[in-house]
Structures are given as C-alpha cells and as structure tokens.
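J.: Handing you this structure, nothing more for now.
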Amino acid sequence: MAQMTMIQAITDAMRTELGNDENVLVFGEDVGQNGGVFRATEGLQDEFGEDRVFDTPLAESGINGMAVGLALTGFRPVPEIQFFGFVYETMDAISGQMARYRYRSGGTRQMPITVRSPFGGGVHTPELHADSLEGLMAQQPGLKVVIPSNPYDAKGLLIQSIRDNDPVIFLEHMKLYRSFREEVPEDEYTVELGKANVKREGTDVTLVAYGAMVHSALKAAEQLEEDGVSAEVIDLRTVSPVDYETILESVEKTNRAVVIQEAQKQAGIAASIAAEIQEKAILHLEAPVMRVTAPDTIYPFTQAEGVWLPDHTSIIEKVESVMNF
Amino acid sequence: MKRTLENIENQFETFQILNEEGEIVNEDAMPDLSDDDLKEIMRRMVYTRILDQRSIALNRQGRLGFYAPTAGQEASQLGSQYALEQEDFILPGYRDVPQLIWQGLPLTKAFLFSKGHYVGNQMPEGVNAVSPQIIIGAQITQAAGVGIGFKKRGESNVAITYTGDGGASQGDFYEGVNFAGAFGGHNIFVVQNNQFAISVPVEKQSAAQTIAQKAVAAGVEGIQVDGMDVLAVYAVTKDARERAINGEGPTLIETMTYRYGPHTMAGDDPTRYRTGDMDDEWEKKDPIVRFRKYLEGKDLWSEDEENEVIEKAKEEIKAAIKEADNTPKQKVTDLMDIMYEELPQNLKEQREEYAEKESK
Ligand SMILES: Cc1ncc(C[n+]2csc(CCOP(=O)(O)OP(=O)(O)O)c2C)c(N)n1
Ligand SMILES: [Mg+2]
C-alpha cells in the first residue's frame with residue numbers, strides 16, 4: 001500500500017490500464033510532455049510513448065469527436081477536457097454522439113470512452129473553470145457519470161470506467177486533488193460503477209452527497225453527533241445511474257433525508273434524488289426531503305466564492321430544520 | 001492532377017519593417033506616423049512592460065487573481081491596437097488586457113477583472129469592447145457578428161478580435177473567419193502566434209506551415225507579420241482596417257511573437273516544455289529593444305524619457321491597485337442582481353436568504 005493523493009491515484013489508474021490494454025489511449029490538451037495542467041498524466045507519455053499518450057490540437061469538439069472515431073476502430077480512449085467548463089464546446093460529441101452510438105446502431109456499436117475532467121469550485125479559478133455541470137451530463141441517457149470523493153475510490157472507479165463499454169464522464173473535483181492522502185493499494189482493483197458507499201452510519205437522518213460535498217457532510221455529521229443527532233452519510237460515487245437501493249434502505253431506517261450538491265439548485269441531481277425518495281418512501285418520512293445547494297446564479301466571480309459555495313454549516317442548518325419539522 | 005499546397009505556403013512570408021537591429025528594412029511599407037505617434041507607441045510599450053512586471057509581482061504577493069503575462073507580445077498587442085479608432089470594437093482573449101487599457105479601460109478595472117470582481121468586466125462609456133474571453137475561440141464567431149453588424153449599419157468601424165496559435169485550432173476560429181468572409185464583415189482577426197498553447201508547440205496544432213494561410217480556405221486576406229516589430233504590426237492592421245471599411249473584406253493577421261513569462265500565474269512551469277535557448281533566441285527579437293534603437297537613431301528617445309515613463313507607470317499602478325483593494329467586496333446578492341433584467345421567483349427567495357447571510 002502507498003499513501004496517495006487523489007490525483008496520484010488517478011494517474012495510477014491510467015498507468016494501470018495503459019499497461020493492461022494496448023487499446024487504451026490517453027490524450028487532450030497539454031497531457032503529453034507537460035503531464036496535464038494538474039499533472040494528472042505526469043510521466044505517462046515517457047512510460048508509454050507518444051503514440052498512446054499525446055497532446056491534441058486545442059479543440060474540445062475535435063478531441064471528443066476523435067475519441068468517437070477511435071472507439072469505432074476498437075480503441076478505448078481516455079480523453080481529458082482540461083476544465084469541465086469547456087464541455088459546452090463539445091456537448092454534441094458527448095451528448096449528441098457518444099451517448100447515442102449504441103442505441104443509434106441498434107445495439108451493434110459501443111463507445112468505451114472515459115472523458116476525464118476536473119470540475120468543482122473553491123480554488124479561485126477564472127470564469128468557466130469551476131462549474132459543477134454534472135447535472136447536464138446526468139440528464140443525458142446513454143452516459144454514466146462518476147464522481148469520486150477520495151483517492152481509493154478514484155483509482156478503483158477510474159479503472160472500472162476505462163473497462164466499461166459505455167461512455168463514462170469521470171469528474172474530478174479540483175479541491176480534492178491534493179487536499180489529503182490515504183492508503184491506496186498499488187495493485188489493481190475496481191470499484192463498481194453505480195454503487196453508493198455508506199461512509200458513516202447513523203439513525204436520525206440520511207445525508208446524500210458526492211464529490212467534495214461528501215467531506216462537508218462528514219464534517220457536519222461529526223458536529224451533529226455532538227448535538228445528539230446521528231447522521232448517516234452516503235457517498236453516491238456515481239451520479240448516473242444513481243444507487244437508489246442504498247439511499248432508500250437508509251431513509252427507511254432514518255426517516256429523514258437531506259440531499260447535498262455543490263451545483264446550483266434548479267433542475268439538479270439533488271432535485272431528482274429528493275423526488276425519487278418521495279415517490280418511493282413517502283410513508284417512511286417524518287419530514288420533507290430537503291436540499292443543500294448553491295444558489296441559482298452563474299458560478300460566482302472568484303471574490304464571492306466563499307459565501308456562494310455550500311459548506312458544512314449550510315448542511316447543519318438544513319438537518320436542524322428536518323429534525324425540528 | 002495539380003497540387004497547390006506548396007504554392008500556397010510559399011506565398012506566406014513574414015512581413016517586416018523594422019529588423020532586430022532597429023533598422024528599417026522595408027521603407028516602402030513605412031506607415032505614416034508622426035514623431036509624436038512614434039514616441040507614444042514607445043511609451044505605451046514601456047509602460048505595458050512595467051505593468052506586466054508589477055502584475056506578476058502583485059500576483060505573487062496574493063494581491064491579484066488570474067493573470068496571463070504579456071511581456072514579449074507588446075508589439076503585437078499595442079501595434080494592432082494603435083491602428084484602431086475609438087469607435088472600433090475589441091473582442092479580446094484573456095491575455096489581451098493591454099489593448100483594452102490603451103483603448104480606455106482604467107487600470108483599476110483591469111485589476112478588478114484579475115481579482116475576480118464583476119466591476120472589472122464593466123467597460124466604461126466609450127470603450128467598445130467586451131471583457132476578456134476565457135473560452136478559447138468563442139470571441140471569434142462573436143467578432144464576426146460585430147463586424148457583420150457594422151457592415152449592415154453602414155458604419156465605418158471594424159471589429160478586431162484576438163486569439164493565439166492554439167485558438168486557431170478551434171472550430172470557432174474557422175467558423176468566425178468564414179462567416180466574416182461570407183458576409184463581408186468589417187473584421188480583423190489577429191492570431192498572436194507566441195509559439196505555444198500552454199505547453200503545446202505550434203507545430204503540434206496543425207500541419208499548416210502558417211496560420212495566416214488558413215485565410216485562404218475562407219476566401220479572405222491572410223498575412224503573417226513579425227509580431228516583435230511594432231511598425232509592421234501597425235501597418236498591417238491599419239491596412240486591414242481600411243480594406244474592411246471599404247468593403248474589401250476581412251483580414252486574418254498572424255503575428256509571430258513569444259511570451260517570455262509563464263502561461264498564467266496559476267502554476268505553469270515553462271521549463272517543462274521549452275528551452276532556455278529558445279527563450280534567448282526570442283529575447284534577441286525584443287520589440288522594445290529594437291524600437292528603442294530605432295528611435296534613438298532618430299534622436300527621438302532618451303534614457304530620461306524612458307525613466308519618466310517607468311516612474312509614471314509605477315505610480316499609476318500603485319494607485320490603481322490600492323483603489324482596487326478598496327473597492328467594496330462583491331456579494332452574492334450583487335451577482336443575483338446581474339443575472340436577469342428582472343429577478344425571477346426562485347432568485348427573489350434566495351436573495352433574501354443570502355442578504356441575511358451577508359449582513360452578518
Ligand atoms: C475552450 C477552452 N479550452 C481550453 C482552455 C484552457 N486553455 C487556456 S489558455 C490555453 C492555451 C491557449 O493557447 P493560445 O491560443 O496559443 O494562446 P496563448 O495562451 O498562447 O496566448 C488553454 C488550452 C480554455 N480556456 N478554453
Ligand atoms: Mg500561444
């Protein structure tokens with residue numbers, strides 16, 4: 001076992017699959033010699049050569065369109081979109097094309113593509129470098145959307161994503177890249193896609209979160225414990241498909257739920273989870289399912305980030321209101 | 001079968017007026033600039049170099065936010081801007097703050113843009129520009145729209161937009177140049193080819209030998225110019241402007257230049273992708289050094305004058321950063337108010353919530 005940051009675990013996953021399968025290709029802007037602007041592909045070009053790990057011209061729709069074409073010829077592309085705010089440049093290649101190929105071809109073709117991209121706020125980036133756009137992706141049938149919250153999961157989920165025969169959008173929260181290290185096996189292993197993880201058990205309220213918000217939820221749960229509230233924390237790990245089984249099982253036990261996302265409130269992942277809980281478990285609920293989200297503005301210019309982003313205090317407030325309902 | 005690629009590529013030579021020694025090598029092309037103009041261009045380049053140095057220092061002290069260094073690119077940026085009229089419209093990329101400043105954006109606002117404050121994105125009255133574009137290439141199709149709009153209204157103005165060698169790979173680049181050509185927009189597209197897109201060398205962007213030749217496919221004029229030669233950049237832009245407003249179509253200008261500094265101040269390390277030798281090669285072409293030689297040769301410039309500009313720049317920068325620091329912090333409620341013309345229901349409710357939070 002080694003101590004790794006999340007970004008090291010991500011590099012390690014790509015290294016593992018580049019080594020396992022010669023059809024795996026890693027490419028994007030600055031991913032070659034420079035090792036990516038966050039260094040996620042550090043050393044991979046040296047190890048596997050420029051044929052397998054390479055820089056592309058600067059064009060996101062070209063990158064993902066090429067990924068589709070490479071997949072059509074049997075490759076297993078792992079393109080990087082340098083920051084996920086640039087996904088608008090390539091919405092057609094993702095949602096209009098790779099998501100639909102299996103379906104469009106009557107089930108005869110597949111798109112084993114893993115689009116990796118940093119996302120999420122709190123690191124003082126310029127405009128369109130920090131948005132939480134997972135909701136856009138999750139709304140597109142045909143894609144899987146994976147968001148790890150820690151180094152161990154990141155490695156296992158990324159290996160599994162690369163092996164998956166359907167397109168996966170793999171979103172890496174920038175704040176988590178280097179925020180902590182943990183034990184990560186050097187050997188290969190996988191973490192199942194579409195399976196949530198109960199990070200902390202509790203009996204009074206279920207907190208559903210993903211990405212960086214898992215850590216805010218855990219922090220909130222610790223403080224709530226001191227106030228005598230026992231919170232269960234679920235890390236979704238995959239936001240499409242969502243593991244409703246795990247969520248419902250928990251809510252049936254705790255009878256209360258707060259769903260947390262860093263993204264803006266309207267039409268988000270949290271809204272759809274809250275709706276599903278109410279449809280499936282209304283008789284178990286002691287209080288309405290509540291959401292903790294960012295407000296419905298465009299991602300703030302950096303100076304206002306601190307107030308705009310939800311944090312553990314906003315979670316505690318919402319938990320208090322479901323407890324006192 | 002006739003092959004044409006080689007013929008086309010051979011026609012794109014680098015246009016130059018002032019060589020590295022500060023000598024005029026193309027007398028016929030010498031633009032009509034008074035001595036005062038020449039001195040003003042020099043002042044602006046020196047000032048902008050100081051602004052870059054100070055911005056880098058302020059960034060390191062944590063007093064600025066996002067900053068993309070400009071040293072090395074002064075001739076490309078300021079030579080082209082100097083050819084504009086006040087009514088012309090600028091659609092800049094993230095590195096093109098100097099053009100905005102010389103078109104009238106106060107320094108304080110430039111700093112506020114960098115610090116991530118929305119007031120920095122509000123152009124003052126009389127500056128026809130949008131704030132620097134972050135999405136590479138997005139400004140180029142918009143520029144076509146502005147230039148086509150000028151044509152439709154019969155106005156004698158142009159839209160000028162800036163991108164880099166990397167930007168010339170975006171679909172938006174080809175689309176923008178093509179639209180401008182198709183509609184005869186009043187457009188100038190400047191590609192500052194500083195040889196790298198972050199770490200990726202220009203040779204990896206395209207099989208094309210020049211970016212200027214990409215104009216051919218769109219049926220518009222294209223020219224490659226020495227981007228370290230402020231006179232050449234000025235002359236080419238001035239000519240492009242005249243042709244655009246005379247209905248002779250848009251122009252694509254590729255300026256051959258170099259950024260001395262890192263890509264941005266957010267952790268880029270140029271030693272990972274370029275050699276010190278390459279840096280030295282390009283520093284020999286420095287736009288300020290050669291222009292200084294030229295002006296000194298004409299007895300138009302002295303060390304005292306240069307020092308005066310440097311002192312003035314430092315003072316103004318100091319005052320501006322102070323003013324930027326003292327600007328009231330933006331609030332989430334401010335951002336809500338600039339979302340729509342009228343606040344919708346959901347934001348009204350959220351506004352109350354955040355007003356309470358932010359009053360604490
Ligand atoms: C659509 C989009 N893709 C990627 C980026 C990230 N990015 C910022 S600058 C840059 C390189 C741009 O190079 P170039 O166009 O040559 O301009 P330069 O920075 O050299 O002035 C990249 C990839 C971005 N801002 N927007
Ligand atoms: Mg460049």
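The values are calculated or read from the model by the stated rules, or taken from the named source; none is laboratory data. What you see is a predicted model, and the numbers here were worked out from it, not measured in a lab. Cβ: placed from backbone, ideal geometry, glycine included. Neighbour counts: every protein chain shown. The accessibility values were calculated without ligands, DNA or RNA, using every heavy atom of the protein model including side chains. Shrake-Rupley method; radii C 1.70, N 1.55, O 1.52, S 1.80 Å.
J.: Of the accessible area of the protein assembly as shown, with the probe set at 1.4 angstrom, what percent is carbon plus sulfur?
T.: Of the solvent-accessible surface of the protein assembly as shown, carbon and sulfur hold 46 percent.
J.: While we're here: Taking square-rooted eigenvalues a ≥ b ≥ c of the alpha carbon gyration tensor, is the stretch B:1-85 rounded, prolate or oblate, where a/c under 1.5 means rounded and, failing that, a/b exceeding b/c means prolate?
T.: Oblate.
J.: Can I ask one more? Counting only other chains, and only Cβ atoms inside 10 Å, what mean value do you get across the residues of B:329-339?
T.: If you average over the peptide's residues, the count of other-chain Cβ atoms is 5.
J.: Which residues, if any, in the stretch B:148-192 lose at least 10 square angstrom of accessible heavy-atom surface (probe 1.4 Å) when the other protein chains sit next to their chain rather than the chain being alone?
T.: Those are B:Gly166, B:Ser169, B:Gln170, B:Asp172, which lose 10 Å² or more relative to the chain on its own.
J.: Can you give me the orientation-averaged projected area of the convex hull built on the Cα atoms of the stretch B:4-329, in nm²?
T.: For the stretch B:4-329, averaging the hull's shadow over all directions gives 16.4 nm².
J.: Something else: Mind checking the mean number of beta-carbon atoms from other chains within 10 Å of the Cβ atoms in A:22-29?
T.: 1
J.: Give me the compactness ratio for the stretch A:197-324, meaning the Cα radius of gyration over 2.2 N^0.38 Å.
T.: 0.98
J.: Long-range amide H contacts for A:Arg291: which residues qualify at under 5 Å (H placed 1.01 Å from N, peptide plane, sequence gap of 5 or more or a different chain)?
T.: Amide H neighbours of A:Arg291: A:Val259.
J.: At the nearest 100 Å², what buried accessible area, both sides summed, do you get for B and A when the probe is 1.4 Å?
T.: So the total buried area for this chain pair works out to about 3200 Å².
J.: Right, another one. Working with all protein chains in place, sort B:Glu342, A:Glu17 by solvent-accessible area computed with a 1.4 Å probe, largest first.
T.: From most exposed to least exposed: B:Glu342, A:Glu17.
J.: Non-local amide H neighbours of A:Lys199 (under 5 Å, H modeled in plane, Pro and chain starts lacking H): which ones?
T.: Distant-sequence amide H within range of A:Lys199: A:Val233, A:Ile234, A:Asp235.
J.: Let me ask you something else. Taking the stretch A:117-251 on its own, what percent of its Cα-Cα pair distances exceed 21 Å?
T.: Beyond 21 Å sits 44 percent of the P(r) for the stretch A:117-251.
J.: Number of Lys pairs in chain A with C-alpha atoms less than 17 angstrom apart, excluding same-chain neighbours closer than eight positions?
T.: For chain A, qualifying lysine pairs total 10.
J.: Moving on to the next point. Specify the angular offset, from 0 to 90 degrees and rounded to the nearest 10, of the alpha carbon long axis of helix A:269-281 from the longest principal axis of the alpha carbons in chain A.
T.: 50
J.: Under the rule a/c < 1.5 gives rounded, and otherwise a/b versus b/c splits prolate from oblate, where does the stretch A:175-219 land using the Cα gyration tensor?
T.: Verdict is oblate for the stretch A:175-219.
J.: Next question. What value, in deg cm²/dmol to 500, does the helix sum -39500 (n - 2.57) over DSSP H runs of n ≥ 4 give at 222 nm once divided by the residues of the protein assembly as shown?
T.: It lands at -12500 deg cm²/dmol.
J.: In whole Hz and in residue order, list the ³J(HN,Hα) couplings for the stretch A:211-224 that follow from phi through the Karplus curve 6.51 cos²θ - 1.76 cosθ + 1.60, θ = phi - 60°; x for Gly and Pro.
T.: Rounded to whole hertz, the list is x, 5, 5, 4, 6, 5, 5, 5, 5, 4, 4, 4, 5, 5.
J.: Can you sort B:Met1, A:Met1, B:Met228, B:Met265 by 1.4 Å-probe accessible area, starting with the largest?
T.: Ranked from most to least accessible, the order is B:Met1, A:Met1, B:Met265, B:Met228.
J.: By per-residue mean of other Cβ atoms within 10 Å, what is the highest-first order of B:210-223, A:149-162?
T.: A:149-162, B:210-223
J.: Would you work out the Kirkwood radius for the protein assembly as shown? I mean one over the mean of 1/r across all pairs of different Cα atoms, in Å.
T.: 27.1
J.: Find, among the GluC sites (Glu not before Pro) in the stretch A:204-237, those assigned to loop by DSSP (not H, G, I, E, B) with at most 15 other beta-carbon atoms within 10 angstrom.
T.: Counting only loop positions with at most 15 other Cβ atoms within 10 Å, none of the GluC sites (Glu not before Pro) in the stretch A:204-237 qualifies.
J.: Treating the Cα atoms of the stretch A:13-170 as identical point scatterers in vacuum, please give the log10 of the normalised Debye intensity I(q)/I(0) at q = 0.10, 0.13, 0.16 Å⁻¹, two decimals.
T.: -0.32, -0.55, -0.86
J.: A further question on this structure: Compute the Cα gyration tensor for the stretch B:36-125, then decide on rounded, prolate or oblate, letting a ≥ b ≥ c be the square roots of its eigenvalues: rounded whenever a/c is under 1.5, prolate when a/b is larger than b/c in the other cases, and oblate in all that remain.
T.: Oblate.
J.: What per residue convex hull volume, in Å³, comes out for the stretch B:92-187 when only alpha-carbon positions are used?
T.: 91
J.: Which angle between 0 and 90 degrees, to the nearest 10, do you get for helix A:6-20 versus the longest principal axis of chain A when only C-alpha atoms count?
T.: Taking the Cα atoms of chain A, the angle to A:6-20 is about 40 degrees.
J.: OK, next. If you roll a 1.4 Å probe over the heavy atoms of the protein chains, what accessible area per residue do you get for the stretch A:2-184, in Å²?
T.: The answer is 33 Å² per residue.
J.: With θ set to phi - 60° and the Karplus curve 6.51 cos²θ - 1.76 cosθ + 1.60, what are the ³J(HN,Hα) couplings of the stretch A:242-258 in order, to the nearest whole Hz, using x for Gly and Pro?
T.: 8, 7, 5, 3, 5, 5, 5, 4, 5, 5, 5, 7, 8, 6, 8, 9, 10
J.: How tilted is helix B:287-297 with respect to the longest principal axis of chain B? Cα atoms for both, answer in degrees (0 to 90, nearest 10).
T.: 60
J.: Additional query: Any chance you could check the stretch A:48-76 for residues losing 20 Å² or more of accessible area when the partner protein chains are in, compared with the chain on its own (1.4 Å probe)?
T.: Checking the loss per residue gives A:Glu50, A:Asp55, A:Pro57, A:Leu58, A:Ala59.
J.: For a protection proxy built on the mean count of beta-carbon atoms within 10 angstrom, sort B:311-321, B:38-48, A:110-120 highest first, please.
T.: Highest to lowest by the protection proxy: A:110-120, B:38-48, B:311-321.
J.: Quick one: what are the phi-derived ³J(HN,Hα) couplings along the stretch B:328-337, Karplus 6.51/-1.76/1.60 with θ = phi - 60°, whole Hz, x for glycine and proline?
T.: For the stretch B:328-337, the Karplus-derived couplings read x, 4, 6, 10, 4, 5, 4, 5, 4, 5 Hz, x marking Gly and Pro.
J.: In terms of modelled amide H atoms, which long-range or inter-chain residues lie less than 5 Å from the amide H of B:Phe89?
T.: Those qualifying (amide H under 5 Å, at least 5 residues apart or on another chain) are B:Val158, B:Ala159, B:Ile160.
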